[in-house]
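Novice: Once you've had a glance at the structure underneath, I'll fire off some questions.
Quick note: the coordinates plus some simple rules give every number you see, no bench work behind them. Keep in mind it's a predicted model, so treat the numbers as computed, not measured. Here the Cβ positions follow ideal geometry from the backbone for every residue, glycine too, while neighbour counts run over all protein chains shown.
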């Protein structure tokens, strides 16, 4: 079970509280997790990655296990603790402003 | 008794303000979509409880929300705004050509006849249309053939911010685009022509009366006389008496002819409103006095309307979509400021009162008159 922590704006949009938990076929990657997330919550389409190119939006970041996964290719397998559910995958709105 | 509903978009959410026909006491609901920029909220003229809202974020992109109960509840609808075909390029600040790139929806204009049909004005400038209540959107791409490659973003972005539907000619639509100008279609969006003859921009453009490139801030018309248009340009207040074929200046005795919104009185087609702003670099009122100016002669002769508005130390701006009128008698006039105030006048602008003083910066105000 993959655990995902969404930023508050997207939790409100998707009308979820707390973490989202998704069952994803191995190997779990950013692409497969986001596909599953958008399939369950279609309203999130376009908010994390572009509708057409499916590229990550510029001010969205992916963190897990104290690592920034934002620049990893989307088909890179996620870290083991994320795959087992020991650690969540964080979807984060990047810092902006001063 | 009639009711007035104001739809207020702000930098951090949407608010719905309602009052009875006296327009003295207001109920406030919101923020809806807290934390998101709400560029615009507007209701269908044929089904007033059907509202559409543009919800956007620099982080999370564009959403479109729809309400069927006057803003009490909302549902996200389609937000896939894809330019048709290969969108080509437009001029960039450094003179190079840059591909069109969708950023946000600035303005939503519901159809005059069909509550499921809505036009949406986008940045980078384009016009989209839905005919299924917002589920899907298609671009009216002929607009970009009107010399789109010569359009260039201004400091505020290359947004299509004004959409006027001509009630007497269903195929006629006017749009205005920052740093591009006014464009008109007479065939429901198939073909478009620039409508900028008479505009002069000597301080912004190397050729002051070029066909496209003028920074039009807002245009307005009265539904009973749609051939007459009023414009607040970057500098200059302008008027057209031939559906945009040509324009002439009507700034007259205004203390500054820079500004953003312009509106027309609901019952008097020659009574118009602007909010003068000191200059393009000083986006606050002249003399730090917030004054709406009203012309009852369709321009040139203006009177200051200051009663109830701050007359010292006022440094707010009023953005292009942040002024509206209701259709009661006397006509109500409303505007919101970048300082978060929403002011109301129940007597056509003679006197003003703040409805709220501490909203986030106001991006848009629309007024609905309900039976």
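Novice: Please compute one quarter of the surface area of the Cα convex hull for chain B and express it in square nanometres.
Specialist: So the Cα hull casts an average projection of 16.2 nm².
Novice: For segment A:2-93, what number results from the quotient of the Cα radius of gyration and 2.2 N^0.38 Å?
Specialist: On the way: Rg = 11.9 Å, N = 92, 2.2 N^0.38 = 12.3 Å.
Here the Cα radius of gyration is 0.97 times the empirical estimate.
Novice: I'd like the distance between the alpha-carbon centres of segment B:349-363 and segment B:82-101, rounded to an integer number of Å.
Specialist: Each part's Cα centre sits 38 Å from the other's.
Novice: A follow-up question, please. Under a point spin-label approximation (7 Å from Cα along Cα-to-Cβ), what is the residue B:188-residue B:245 distance to one decimal in nm?
Specialist: Spacing of the two 7 Å Cα→Cβ label points: 2.5 nm.
Novice: Give me the percent of Cα-Cα pairs in segment B:146-213 that sit more than 16 Å apart, rounded to a whole number.
Specialist: So the portion of pairs separated by more than 16 Å is 48 percent.
Novice: Using the alpha carbons of segment B:17-95, what is the convex hull volume per residue in cubic angstrom, as a whole number?
Specialist: 182 Å³
Novice: Would you order B:183, A:62 from fewest to most other beta-carbon atoms within 10 Å of each residue's own beta-carbon?
Specialist: Starting with the residue having the fewest Cβ neighbours, the order is A:62, B:183.
Novice: Still on this structure, I have one more. For the protein assembly as shown, what is the calculated [θ] at 222 nm in deg cm²/dmol (nearest 500), taking -39500 (n - 2.57) for each run of four or more DSSP H residues and dividing by its residue count?
Specialist: -1500 deg cm²/dmol
Novice: Right, something else. From Cα pairs below 8 angstrom and at least 6 apart in sequence, can you work out the relative contact order of chain B, rounded to a whole percent?
Specialist: Rounded, it is 12 percent for chain B.
Novice: Over every pair of different alpha-carbon atoms in segment B:270-335, take the mean of 1/r and invert it; report that Kirkwood radius in Å. Could the numbers behind the result be given before it?
Specialist: On the way: mean 1/r = 0.0788 Å⁻¹.
With all distinct Cα pairs of segment B:270-335 included, I get 12.7 Å.
Novice: Report, as an integer, the average count of C-beta atoms from other chains found within 10 Å of each Cβ along B:53-59.
Specialist: Taking the mean over all residues of the peptide, I get 4.
Novice: Apply 1/(1 + (r/R0)^6) to the Cβ-Cβ distance of residue B:73 and residue A:1, taking R0 = 25 Å, and write down the FRET efficiency to the nearest 0.05.
Specialist: After rounding to 0.05, the efficiency reads 0.20.
Novice: Over segment A:2-93, what is the mean sequence separation of C-alpha contacts under 8 Å (at least six apart), divided by residue count, expressed as relative contact order in percent?
Specialist: 38 percent
Novice: Test of understanding: ordering B:111, A:70 by Cβ neighbours within 10 Å, fewest first, what list do you get?
Specialist: The fewest-first ordering by Cβ neighbours comes to A:70, B:111.
Novice: Could you give the alpha-carbon Rg of the protein assembly as shown over 2.2 N^0.38 Å, rounded to two decimals?
Specialist: After normalising by residue count via 2.2 N^0.38 Å, the value is 1.01.
Novice: How many angstrom lie between the C-alpha centres of segment B:244-304 and segment A:34-88?
Specialist: Result: 50 Å between the Cα centres.
Novice: With 10 angstrom as the radius, rank A:75, B:94, A:50 by how many other C-beta atoms surround their C-beta, starting from the fewest.
Specialist: If I rank by nearby Cβ atoms, fewest first, I get B:94, A:75, A:50.
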